[in-house]
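Notes follow the structure.
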Amino acid sequence: MNFKSQIQEYLKHEVEVIGRLDVDAINSAMNLLLEAYNAEKTIFIFGNGGSSATASHFAGDFNKGVSENLEKKFKFVCLNDNLPTLMAIANDIGFEEIFRSQLKGYLKSGDIVIAISGSGNSANIINAVLYAKEKGNKVIGITGYGGGKLREMADIQLHAPVNSMQIAEDVHMIFDHMMMSIFCKMMTGKDHFS
């Protein structure tokens with residue numbers, strides 16, 4: 001079979017979405033992450049499904065990729081990486097509490113929360129963001145579609161303006177790799193991807 005027209009259509013759509021990204025918001029998010037780094041604060045990140053994989057990828061890219069050649073390290077904690085903890089909270093308390101319950105044990109003043117949700121409406125994401133906001137912590141929301149409740153609640157919105165979960169998740173990984181690449185070059189003088 002020849003899939004070339006479908007491939008070109010997907011890539012064209014992706015490029016159009018990338019062209020509509022809010023560069024000011026990305027810049028603000030990067031400055032907030034840099035503030036957290038300089039103050040040695042923790043950055044908590046989480047998501048469901050594909051967004052959980054993106055959250056894990058972010059943590060790996062910052063904790064190892066950016067931090068590898070730095071004496072002081074970024075402190076990313078991915079709340080969906082401890083499966084026994086997630087399962088215990090989901091079973092004993094409820095799935096909608098899997099992230100908020102963990103934040104209750106760890107979130108301190110000045111820490112940052114990055115919440116990833118394609119729809120922006122997942123109950124477990126919103127509950128954790130509500131808790132962070134109640135405690136006075138800054139929230140970066142990473143969304144797609146219309147952005148939902150998360151886009152309204154977040155201090156900084158990294159929004160992929162597209163009604164496609166696949167392209168939204170592609171763009172969310174672009175946020176990660178773009179920021180990682182820029183931080184690597186700025187903080188170490190090296191292009192991590194060369």
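Values in this text are rule-based calculations from the coordinates and carry no lab data. Note that this is a predicted model, so its numbers are computed, not measured. FYI the Cβ positions are ideal-geometry reconstructions off the backbone, even for glycines, and counts take in every protein chain you see.
Assorted remarks:
- Calculated semi-axes √(5λ) of the Cα gyration tensor in Å (choose from (1) 29, 23, 14; (2) 42, 25, 17; (3) 26, 22, 16), label: (3)
- Partners for LYS4 among lysines (Cα-Cα distance below 26 Å; same-chain residues under 8 apart left out): LYS12
- Dipole magnitude of the range 32-93 about its Cα centre (Cβ charges: Lys, Arg +1; Asp, Glu -1), debye to nearest 20: 60 debye
- Extension gain for ALA90 to ASN27 (0.36 nm times residue separation, less C-alpha to C-alpha distance): 19.1 nm.
- Above 14 Å, the calculated P(r) of the range 88-150 contains 54 percent of its Cα-Cα pairs.
- Of the complete DSSP H runs in the chain, those spanning 20 angstrom or more by Cα along the long axis with a mean Kyte-Doolittle score not below -0.5 are 23-38, 165-188.
- Per-q log10 I(q)/I(0), the range 1-90, q = 0.13, 0.16, 0.18, 0.25 Å⁻¹ (Debye; single scatterer per alpha-carbon; no solvent): -0.65, -0.85, -0.95, -1.20
- Residues of type aspartates and glutamates that LYS108 reaches as a straight line, Cα spacing below 18 Å, ignoring anything fewer than 8 places off in the same chain: GLU35, GLU40, GLU134, ASP155
- GluC sites (Glu not before Pro) lying in DSSP loop within the range 1-97, provided at most 16 other Cβ fall within 10 Å: GLU40, GLU68, GLU71
- Per-q log10 I(q)/I(0), the range 46-145, q = 0.11, 0.19, 0.24 Å⁻¹ (Debye; single scatterer per alpha-carbon; no solvent): -0.32, -0.94, -1.37
- Taking θ as phi - 60° and the Karplus parameters 6.51, -1.76 and 1.60, the scalar couplings of the range 69-77 work out to 9, 10, 5, 8, 10, 5, 10, 8, 10 Hz in sequence order, x denoting glycine and proline.
- Rounded Å value of the spacing that divides the Cα centres of the range 7-38 and the range 104-178: 14 Å
- Mean residue ellipticity (222 nm) of the chain, computed from DSSP H runs ≥ 4 via -39,500 (n - 2.57), nearest 500: -16500 deg cm²/dmol
- Compared with the direct C-alpha span, the chain from HIS177 to ASP81 gains 32.6 nm at full extension, assuming 0.36 nm per residue.
- When restricted to Cα atoms, the range 148-194 yields an Rg and a Dmax of 13.8, 39 Å, respectively.
- For LYS72, a cut-off of 17 angstrom between C-alpha atoms picks up these lysines, skipping any fewer than 8 places away in its own chain: LYS41, LYS64, LYS185, LYS190.
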